[in-house]
Amino acid sequence: IKLTVMDVASPIELYRFSYLLNNERQPQSAIDNALAWKKLLEEDRVANLEEIATLTGKSIATVSQTLSILNLPENVKSLIRENSAKFTSSISYELYLCRESIPNEDQFYSFAKRILDEDMSSRDIRAERRRISKTANRKKKDVSRQYKIMTSNRQTGYIKEWDSGKIAFEITLNDPHERAKLMEELKSRFLTSRK
């Protein structure tokens with residue numbers, strides 16, 4: 001057994017030495033790093049991501065991306081934990097970026113499982129994210145039709161309807177009696193209680 005005795009001045013220095021030595025022997029998983037770094041932040045052992053980057057020799061971007069894994073749903077984090085060799089920091093981060101395009105938790109878990117089953121690379125996930133995003137953004141156009149409201153051969157307003165079921169109208173009635181009559185009809189048709 002190789003034994004190294006070190007004089008460590010603080011818990012943060014102990015973390016730095018143990019992180020570097022463990023990482024030399026066998027790199028820690030992205031999720032283990034994320035949990036450890038979150039703990040350092042919560043316990044005020046480090047002030048910010050920059051200090052974690054200095055401690056670990058990672059870039060601030062890598063630290064930030066690794067911490068983002070903790071925002072994934074619990075079932076996906078469990079999958080990442082169980083398959084840490086596959087879910088590297090970069091792959092886990094690409095998965096995190098897909099979350100916005102796949103809001104349904106079951107579908108998102110299925111996608112994470114697909115990454116594992118199909119041995120997808122970061123590039124594959126990025127391409128799939130773009131494809132999903134394009135599909136999600138391609139909303140069905142809500143078609144509308146507009147009809148003129150004519151009074152004495154003069155347009156006084158319009159009625160507009162959309163395929164989604166929305167209806168809007170605008171009308172100008174200068175005669176107060178006509179205006180009051182229309183308001184009563186609308187109130188009796190659409191209001192359940194009067195204020």
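The values are calculated or read from the model by the stated rules, or taken from the named source; none is laboratory data. On a predicted model such as this, the values are computed, not experimentally measured, just so you know. We place every Cβ from the backbone using ideal geometry, glycine too, and count neighbours over all the protein chains shown. Accessible surface areas use protein heavy atoms only, side chains included; no ligands, DNA or RNA. Shrake-Rupley method; radii C 1.70, N 1.55, O 1.52, S 1.80 Å.
Out of all the residues in the stretch 117-132, which are polar (S, T, N, Q) and surrounded by 15 or more Cβ atoms within 10 Å (Cβ to Cβ)? Walk me through how you get there before you give the answer.
First pass over the stretch 117-132, keeping only residues polar (S, T, N, Q): 121-122.
Answer for the stretch 117-132, where residues must be polar (S, T, N, Q) and surrounded by 15 or more Cβ atoms within 10 Å (Cβ to Cβ): just SER122.
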Here is a list of conditions, (1) of a type in the set (S, T, N, Q); (2) more than 30 Å from ARG179 (Cα to Cα); (3) out of contact with any helix residue (DSSP H, G or I) (no Cβ under 8 Å at 6 or more places or on another chain); (4) open to solvent by less than 30 Å² (accessible area, probe 1.4 Å), and THR135 meets all of them except one; can you say which number that is?
-> (4)
Restricting the first residue to the stretch 48-74 and requiring it to be under 20 Å from LYS113 (Cα atoms), which pairs with a second residue that is open to solvent by 60 Å² or more (accessible area, probe 1.4 Å) and hydrophobic (A, V, I, L, M, F, W, C) meet a Cβ separation below 8 Å and a spacing of at least six or different chains?
-> LEU70/LEU35
Do we find that ALA180 is in contact with a Lys or Arg (Cβ under 6 Å, 6 or more places away or on another chain) and surrounded by 10 or more Cβ atoms within 10 Å (Cβ to Cβ) in this structure?
-> no
Consider LEU72 against the criteria (1) at pLDDT below 95; (2) open to solvent by less than 40 Å² (accessible area, probe 1.4 Å): it satisfies all of them except one. Which criterion is unmet?
-> (1)
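Here is a check on your reading of the model: is ASN48 at pLDDT 90 or above and surrounded by fewer than 16 Cβ atoms within 10 Å (Cβ to Cβ)?
yes
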For VAL143, which of the numbered conditions (1) free of Cβ contacts under 8 Å to residues at least 12 places away in the same chain; (2) surrounded by fewer than 11 Cβ atoms within 10 Å (Cβ to Cβ) fails to hold?
-> (1)
Residue that is farthest from SER29 (Cα to Cα), among those in the stretch 54-67 that are open to solvent by less than 20 Å² (accessible area, probe 1.4 Å) and modelled with pLDDT of 90 or more = VAL63
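One line per residue, one yes/no per condition, for (1) modelled with pLDDT of 85 or more; (2) of a type in the set (A, V, I, L, M, F, W, C):
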residue	(1), (2)
LEU95	yes, yes
ARG99	yes, no
GLU105	yes, no
SER110	yes, no
THR135	no, no
LYS141	no, no
LYS148	yes, no
